[in-house]
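> Take a look at the following structure, please.
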Amino acid sequence: MITLKNEVLEVTLANKGAEIIKIVGQDDQINYMWRRDPIQWANSAPILFPIVGALQNNECRIDGKTYTMTQHGFSRHSEYEANQINDQEVVFTLISNEEIAKQYPYLFKLDVTYKLDKNVLSCNCKVTNTDSQTIYFQIGGHPAFACPFMENESSNDYYLEFSENETVNQKIIDVEHKGMSDITLPFLDNEKRFFVRQQLFDNDAIVLKDVKSKTLSLKSLNHNKSLVFHMEGFNHLGIWAAKHVGGLIAIEPWVGHSDYVGFTGEFKDKEGVVSLNPSEIFECTFKVEINQ
């Protein structure tokens, strides 16, 4: 485990999945991350790479060859090398190897840099193409936050608020076939906020494409504590809660999403996939701002 610490926050990170385990306020001693209850979801914030969501039949085709990969890719199961720069910064690195090549043949280097600055934890994901050919990938975050923040509260008093008024449709997941359907339904109509209600997640995650807002805040009606989520360089946003009532809300910035049901094309033709030429670099960043 790696610890980042300043006078405002103390952050615990894991080498496996380059994952945020805890973000604890120094003033209120609240852990703003999900508590990792295995009954609901045993993780808290793995980095998703080189896919987001599920492949049809857990299979993808690259240059005519079929590879097998489970949901959200191998990054979340991988042990990253850690280089702790100082008390406020660490760089996790994952490099392609023989085992990874059995699932994903492209050569790459993935650096995940966490930096603590006052009340903000930033996560920068940088993919470098170390191959001699163009590589293709998806990437995303999956941070799950405590909702409610404190044990004596109800998640029903919490709401999510975009920084801009949004008019956006929700992509509907086909849960039975473990993929994205072609159906979209209205979600927000020139609105900023919606309350956390379990029925919103009865059909798995809310998936939104190209929202205007650069931030999404988690707030309560009962106090001024809040979490502000900043995102840059992503084309989709997933919002998810476990099926059991209360406990967590995941705010997931994605580049790409699950295969559409029935998709049998090449990996490079998936919606939202990144195309990266040799020696080129792709970056995306999310930040977690804690207001105690």
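The values are calculated or read from the model by the stated rules, or taken from the named source; none is laboratory data. What you see is a predicted model; the values in this text were computed from it and never measured. Heads up, the Cβs are rebuilt from the backbone with ideal geometry, glycines too, and the neighbour counts pull from every protein chain shown. The area values use the complete protein model at the heavy-atom level, side chains included, leaving out ligands, DNA and RNA. Shrake-Rupley method; radii C 1.70, N 1.55, O 1.52, S 1.80 Å.
> Which percent of the accessible heavy-atom area of the range 82-233 goes to carbon and sulfur, probe 1.4 angstrom?
That share works out to 44 percent.
> Just how large is the dipole of the chain about the Cα centre, in debye to the nearest 20, putting +1 at every Lys and Arg Cβ and -1 at every Asp and Glu Cβ? Kindly include the intermediate steps, with their values, before the conclusion.
Details: 27 positive and 40 negative charges, 25 e Å.
So the dipole magnitude of the chain works out to roughly 120 debye.
> Check Gln84: other-chain or 5+ apart residues with amide H under 5 Å from its amide H, H built from backbone geometry?
Correct list: Val91.
> Pairs of alpha-carbon atoms within less than 8 angstrom and 6+ residues apart define the contacts here; what relative contact order does the chain have, in percent?
Details: 760 pairs, mean separation 61.8, N = 292.
Averaging sequence separation for qualifying contacts and normalising by length gives 21 percent for the chain.
> Can you spot the lysines whose alpha carbon is less than 23 Å from Lys115's alpha carbon? Ignore those fewer than 8 places along the same chain.
Straight-distance partners of Lys115: Lys5, Lys16, Lys22, Lys126, Lys214, Lys225, Lys287.
> Could you go through the range 25-40 in sequence order and give the Karplus-derived ³J(HN,Hα) for each residue, using 6.51 cos²θ - 1.76 cosθ + 1.60 with θ = phi - 60°, rounded to whole Hz, and x for Gly and Pro?
x, 6, 7, 9, 6, 8, 8, 7, 8, 4, 7, 6, 6, x, 5, 9
> If you don't mind, another one. Of Asn152, Val273, Leu110, which is farthest towards the positive pole of the range 2-291's charge dipole, taken about the Cα centre with +1 and -1 on the beta-carbons of Lys, Arg and Asp, Glu respectively?
Asn152
> Would you look at the GNM of the chain, springs on alpha carbons closer than 10 Å, and say which of His77, His236, His223 moves the most?
His223
> Tell me which of Tyr80, Phe137, Trp41 sits at the most positive position along the dipole axis of the range 34-159, charges placed on C-beta atoms (Lys, Arg +1; Asp, Glu -1).
Sorting the options by dipole projection puts first Phe137.
> Here's another thing I want to ask about it. Calculate the dipole size of the range 146-212 relative to its Cα centre from +1 charges on Lys and Arg beta carbons and -1 charges on Asp and Glu beta carbons; express the result in debye to the nearest 20. Show your work: numbers first, answer last.
On the way: 7 positive and 14 negative charges, 30 e Å.
Approximately 140 debye in magnitude.
> May I ask you to evaluate 6.51 cos²θ - 1.76 cosθ + 1.60, the Karplus curve with θ = phi - 60°, for each residue of the range 2-18 and list the ³J(HN,Hα) values in order in whole Hz, giving x for glycine and proline?
Result, rounded to whole Hz: 10, 10, 10, 8, 9, 6, 10, 9, 10, 10, 10, 10, 10, 5, 6, x, 6.
> Calculate the length of the line joining the C-alpha centroid of the range 44-95 to that of the range 196-256, in whole Å.
21
> Determine the per residue accessible area of the chain with all protein chains present and a 1.4 angstrom probe, expressed in square angstrom. Intermediate results must be reported in sequence, preceding the final value.
Details: 12980 Å² over 292 residues.
Result: 44 Å² of accessible area for each residue.
> What list of ³J(HN,Hα) couplings, whole Hz, do you get for the range 72-80 from phi and the Karplus terms 6.51, -1.76, 1.60, once you set θ to phi - 60° and write x for glycine and proline?
Along the range 72-80, the couplings run 6, x, 8, 4, 5, 9, 8, 8, 7 Hz.
> Can you show me the helix-derived [θ] at 222 nm for the chain, built from DSSP H runs with n ≥ 4 at -39,500 (n - 2.57) apiece and divided by the number of residues, rounded to the nearest 500. The partial results should precede the final answer.
Values: 1 runs with 4 residues, N = 292.
About 0 deg cm²/dmol.
> I would also like to ask the following. Please check which bits of the range 213-228 a label hung off Lys192 would reach, taking the label as a point 7 Å along Cα-to-C-beta and the cut-off as backbone N under 13 Å.
213-219
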